[in-house]
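Each value in this text was obtained by applying a stated rule to the coordinates, not by laboratory testing. The model shown is predicted, which means the values in this text are computed figures rather than measured ones. As a convention, Cβ positions derive from the backbone with ideal geometry for all residues, glycine included, and neighbour counts pool all protein chains shown.
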Amino acid sequence: VLFPGTRLPLHIFEPRYKQMVADALKGNRFIGMIIFKPGWEENYYQSPEIVAVGCVGRIERAVSLDEGKYNIALLGLHRFQIVREITGKPWRQAEVIYLENRNDRVLDKKTPVEQWHPLIPKYQEYLSLLPEKEERPNHVELQRCETLGNVVDQIAYDFNMSADLLSR
């Protein structure tokens with residue numbers, strides 16, 4: 001899952017996605033990320049049902065590997081809603097509209113992070129309960145956040161939520 005302001009490392013190895021990344025790198029470097037609805041496994045190579053809201057990301061880094069594979073890093077830019085799907089490529093494409101940002105209250109950087117929102121101390125408490133050796137690839141950097149919406153996106157990105165929860 002990709003949220004605005006978050007970074008997502010991806011290893012691209014499927015033929016359709018290798019072609020998609022190659023095309024994106026020749027163009028604007030944008031890729032829209034969506035999630036599949038529960039039960040997608042049965043129909044993965046066709047067109048499983050998707051959640052209508054996603055996030056467009058820009059490829060910040062791309063490393064070409066053998067056999068046309070890539071390691072890429074996406075930076076989440078903006079939420080979108082799918083208007084209609086477009087056919088003609090091996091990967092899914094869509095016409096989208098960008099969604100208005102919510103919770104865009106600007107944060108006071110002079111105030112300690114813990115006081116930005118009541119959610120933050122709870123999140124920090126959650127982190128303190130995790131085993132120290134647990135790898136945290138989606139490390140949240142709240143100091144980088146400019147708005148309350150950025151904080152919520154960063155925290156949501158850090159949780160491994162199911163698709164049915166995210167699609168509500």
For this session: Give me the number: length gained by fully extending Asn71 to Val53, i.e. 0.36 nm times residue separation minus the C-alpha to C-alpha distance, one decimal in nm.
Result: 4.0 nm
Problem set entry | Spatially near lysine pairs across the chain, Cα under 22 Å, sequence gap of 8 or more or different chains | 10
Exercise. Got a sec? Charge dipole of the chain, +1 on Cβ for Lys and Arg, -1 for Asp and Glu; which of Gly39, Leu8, Pro121 is way out at the positive end?
Worked result: Leu8
For this session: Any chance you could run the full-extension gain for Lys110 through Lys89? It's 0.36 nm times the residue separation minus the Cα-Cα distance, nm to one decimal.
Result: 2.7 nm
Problem set entry | Amide N proximity, the range 35-68 versus Ala22 label position 7 Å along Cα-to-Cβ, cut-off under 20 Å | 59-68
Problem set entry | Euclidean distance of C-alpha centroids, the range 60-81 and the range 12-53, integer Å | 12
Exercise. Any idea what log10 I(q)/I(0) is at q = 0.11, 0.19 Å⁻¹ for the range 1-133, Debye with uniform C-alpha scatterers and no solvent?
Worked result: -0.55, -1.17
